[in-house]
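Accompanying notes for the structure given below.
The values are calculated or read from the model by the stated rules, or taken from the named source; none is laboratory data. What you are looking at is a predicted structure, and each value in this text was computed from that prediction instead of being measured. Reconstructed Cβ throughout: ideal geometry from the backbone, glycine too, with neighbour counts over all protein chains shown. We work out accessible area using only protein heavy atoms, side chains counted, and drop any ligands, DNA or RNA first. Shrake-Rupley method; radii C 1.70, N 1.55, O 1.52, S 1.80 Å.
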Amino acid sequence: MDRLEIDRPLRLRFAPSPARTLHVGAARTALFTWLLARTTGGSFVVRVEDGDEASGDPSAEAAILRDLRWLGLDWDEGPDVGGPYGPYRQWERAAAHREAAERLLRDGAAYERDGALWFRVPPGTTVVHDAVKGDVAFEHDTLADFVVRKSNGVPAYNVCAVADDAAMKIDLVVRGEEHLDNTPRQILLARALGYAPPRYAHCGLIVGADKHKLSARDDATGIDALRRAGFLPEALVEHLALLGWSPADGRETFALAELVGAFSLDRVHGAPSTFDLDRLRAFNARALRALPRERYHALLAERMQQARLLEDPVPEAAHRWIETFLDAYGREVHTLGEALAHVADLRAEAVTIPALELERLRNRHVLFFLDAVSQYVDAQPELRGLALGHDLAVIGDEFGLAKDDALGAVRMALTGAHDGPPLALLFPLLGHDRIMIRIGAVSSHILHGRGLEPIKYGPGGLPFETIQPHPPGSGATGPADPGS
Ligand code: GLU
């Protein structure tokens, strides 16, 4: 493979089309391009292109720039910051594109047919010395003459890109494999226009976990959608970096700043790579755990406010609540979206208890026990710092319940689940009212919804055992229940 000499500052550009939102594939291109610019001490240029589609929609451009910034990428030249080779919106460079097309005609490299201007592909072969794919030869027979100015007078995409890359003194074009077929045409055009073509690096396809090519139009792999789902830019950058590149030491955890310098094109391969949401979730869980506590707190508060689960400004008590929440769930969740779902569950009055679990609670002793727990809670001025393991076991004992059954019944009545954070955190998170409402709802459902007779058959037609009391001190426990 023809290696790229990277011994000088390179000028590189990222050329998104505002017809699409920034998706995983384009974000990977942007990241690799940015990394090469920063690693070589060169320049990262953002040029917004509308290709053949009419555009100029300022909100679409703003959304792309916002997503790039959110990922942590900054640019030296671009539509918003300007620069020495502007303008940086392709449609604002139309005069230069028309001039280039005109020049091709004048020089005999193009001819008119049916109102359009066609590039005359000479006989021969063009070899693209691709920094990732290696040498790729294109026989000109297979290229055929192509349009450089449409019959409506608008220059075609390839001419615009070639003219702009030359005018912006771009050294290296990094982009996705889907553009490889355009490359021999762009090289031919550049030569015909008297420019030294830039170097090219085409990164391999990105496929989803289902092995299908990721679609640029799939909203789920849009950067904005991933942000809204609660992924952190740190995690996304880690996954994007590994889409076709791997570090020499095989590690998977790196901050953007660490990637600068570590990244090099000779460790980028051209084979397809997999964008895997599960992997991203794992990276994201790790990134959340690594967050400074104040940032985690602030991000969650912001999400809660967006979901109208928190006032603005945040009351002091809510800050304490968030701290307790982070103690309880901060290390468990994979995304901020997941965290928010827990918040919403905790804030709800009602809880869904699986029918069979409800049947297990259908027992006088359990009901009296839960009622006693409710009174106990009502009597506590403060739910933080209670010795719940001890206190609930003592109450359970009064009703002949083994400790694990007692704690398990409380957890089930309060959350509808067997597992979750320690009750000592759950109690202050739920607060007095919700605890009593939830326990009350379970009791009333069991008492009034159905009779108190135990259900006869459980899963698979086997008798379904309810939690049974046993004489205190017998050492026996009820049916297996992980309790708290
Ligand atoms: N505007 C093109 C795209 O979004 C970029 C092509 C290129 O990088 O040369 O696909």
Could you look through segment 135-151, keep only residues that are of a type outside the set (D, E, K, R) and at pLDDT 95 or above, and pick out the one that is farthest from W245 (Cα to Cα)?
-> S151
Specify which of the listed residues (G51, G86) is under 24 Å from R185 (Cα atoms) and at pLDDT below 95.
-> G51
Those residues of segment 164-180 which are in a helix (DSSP H, G or I), open to solvent by 10 Å² or more (accessible area, probe 1.4 Å) and either away from the ligand (no atom under 12 Å from the Cβ) or under 20 Å from D107 (Cβ atoms) (or both) amount to A166, A167
Pick from segment 312-336 the residues that are of a type outside the set (D, E) and open to solvent by 30 Å² or more (accessible area, probe 1.4 Å): which of them is farthest from H432 (Cα to Cα)?
-> H334
Which members of segment 124-163 meet the condition of being part of a strand (DSSP E or B), charged (D, E, K, R) and over 31 Å from the mean Cα position of the chain (by Cα)?
-> D135, E139, R149
Scan of segment 262-275 for residues that are touching a helix residue (DSSP H, G or I) at 6+ places or on another chain (Cβ under 6 Å) and outside any loop (DSSP other than H, G, I, E, B), ordered by number = F275
Only one residue in R69, R38 is away from the ligand (no atom under 14 Å from the Cβ), open to solvent by 20 Å² or more (accessible area, probe 1.4 Å), in a helix (DSSP H, G or I) and touching a residue at least 24 places away in the same chain (Cβ under 8 Å). Which one?
-> R38
Members of segment 397-414 found to be assigned to a helix (DSSP H, G or I) and buried (at least 21 other Cβ atoms within 10 Å of the Cβ), listed by number = D405, A406, L407, G408, A409, V410, R411, M412, A413, L414
Going by the conditions given, is A241 of a type in the set (A, V, I, L, M) and open to solvent by 50 Å² or more (accessible area, probe 1.4 Å)?
-> no
Name the residues in segment 106-142 that are loosely packed, with under 11 Cβ neighbours inside 10 Å, more than 16 Å from P155 (Cβ to Cβ) and charged (D, E, K, R), would you?
-> D114, D135, D141
Is it the case that some residue within segment 302-322 is within 30 Å of D405 (Cα to Cα) and outside any loop (DSSP other than H, G, I, E, B)?
-> yes
Given (1) within 12 Å of the ligand (Cβ to nearest atom); (2) in a loop (DSSP other than H, G, I, E, B); (3) open to solvent by 20 Å² or more (accessible area, probe 1.4 Å), number of the condition P18 does not satisfy | (3)
